[in-house]
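Colleague: First, the structure itself, so that you have it in front of you.
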């Protein structure tokens with residue numbers, strides 16, 4: 001019990017503050033990129049390209065980065081990731097042009113990917129398996145805090161000081177995260193990149209495992225829902241005439257619901273099956289996505305954003321706990337890399353696909369298509 005408490009305290013000390021600061025910058029950047037591009041008269045498709053570039057480099061290098069973390073640990077990836085995030089945000093402030101967004105977006109995305117993978121690997125690699133859901137709940141709660149604050153504060157900052165100065169403000173938050181990381185030392189056990197028989201590890205070995213395939217499927221599907229919501233809401237809000245502050249409040253309600261669910265998660269996590277929670281989340285979120293584009297009043301949009309946040313809020317700790325429970329020994333970083341590849345494929349593909357769909361047919365079909373995927377996925381998972 002004492003050892004478990006010590007690990008819990010270690011996670012709180014090493015992870016919470018730098019993660020809040022860096023993720024706040026990243027979450028705010030997603031909103032500011034979209035609204036700044038729209039302010040420069042970009043089409044929904046162009047906005048989709050800009051936002052999808054956040055996931056381009058992470059999608060390409062996620063698995064390799066996970067293998068590197070298995071070998072060298074997490075400290076250097078965290079530092080490099082924070083530095084790249086700062087550079088991308090500062091670049092837009094220095095040269096506020098639409099062309100620069102196509103450079104800054106992948107730079108910020110790659111930087112945050114490195115940090116995100118490293119901090120998940122750190123939490124998954126310490127402590128005992130029985131405490132993983134609780135430990136990941138703390139990390140998820142940390143992300144929820146910044147996911148709530150980032151979009152909301154960014155929306156108000158845009159209205160008060162403008163797009164360019166908001167990028168500088170976000171770079172300042174990321175810089176504080178880097179300063180904290182430099183003062184702390186986070187490290188985990190390292191592993192050689194071969195299996196027990198000395199063979200080189202291959203990504204397809206993970207895909208052949210049925211439990212790992214189910215984890216990857218659920219993670220990818222729920223990530224699509226999350227990414228669609230955060231991408232489409234700024235566009236939808238602009239189309240119905242909402243200010244940046246009101247759009248920020250809607251996204252903030254989404255983040256607040258996630259925070260509340262993750263705060264309560266440790267109280268009941270040992271009483272319910274992780275798979276049951278994930279199935280319910282997919283079905284509930286699918287229903288919410290179907291209704292959301294039929295609403296135009298801000299209070300009701302905030303209410304539905306909150307409902308969607310409740311549906312998606314508890315899924316990440318469950319997914320990460322299942323991933324590290326089923327990953328082969330010494331391959332947690334690589335398994336996390338495969339998951340990150342899928343997440344970033346979603347983050348790259350969703351803005352492009354639904355940006356084009358929105359340009360051609362409007363926003364509502366994008367929500368309804370996602371609702372169908374979620375409902376079908378939840379039904380398949382329940383039967384499989």
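The values are calculated or read from the model by the stated rules, or taken from the named source; none is laboratory data. In this text, all values refer to a predicted model and were calculated from it rather than measured experimentally. Ideal geometry is used to build each Cβ from the backbone, glycine not excepted, and the neighbour counts take in all protein chains shown.
Colleague: Mind telling me which of the residues 291, 295 ends up being surrounded by fewer than 18 Cβ atoms within 10 Å (Cβ to Cβ), touching a residue at least 12 places away in the same chain (Cβ under 8 Å) and either in contact with a helix residue (DSSP H, G or I) (Cβ under 8 Å, 6 or more places away or on another chain) or closer than 22 Å to residue 230 by Cα (or both)?
Modeller: It is 291.
Colleague: Here's something else I'd like to know. Tell me yes or no: at least one residue of region 326-334 is assigned to a helix (DSSP H, G or I), at pLDDT 80 or above, out of contact with any strand residue (DSSP E or B) (no Cβ under 7 Å at 6 or more places or on another chain) and buried (at least 24 other Cβ atoms within 10 Å of the Cβ).
Modeller: no
Colleague: Answer with yes or no whether residue 188 is farther than 17 Å from residue 26 by Cα and modelled with pLDDT under 75.
Modeller: In short, yes.
Colleague: Output the residue which, of all residues in region 238-268 that are free of Cβ contacts under 8 Å to residues at least 24 places away in the same chain and either touching a strand residue (DSSP E or B) at 6+ places or on another chain (Cβ under 9 Å) or assigned to a helix (DSSP H, G or I) (or both), is surrounded by the most Cβ atoms within 10 Å (Cβ to Cβ).
Modeller: Filtering first and then ranking leaves 264.
Colleague: Can you give me the ranges of the helices (runs of 4 or more DSSP H) entirely in region 13-97 with at least 3 residues that are closer than 17 Å to residue 232 by Cα and in contact (Cβ under 8 Å) with a residue 12 or more places away in the chain?
Modeller: Counting at least 3 such residues, we get 44-52.
Colleague: Now for a separate question. For region 51-62, name all the residues that are in contact with a helix residue (DSSP H, G or I) (Cβ under 6 Å, 6 or more places away or on another chain) and either under 24 Å from residue 173 (Cα atoms) or at pLDDT 80 or above (or both).
Modeller: The answer is 51, 52, 53, 54, 55, 56, 57, 58.
Colleague: Give 111, 124 a once-over and let me know the one that is under 20 Å from the mean Cα position of the chain (by Cα) and at pLDDT 80 or above.
Modeller: Just a single option satisfies the conditions, and that option is 111.
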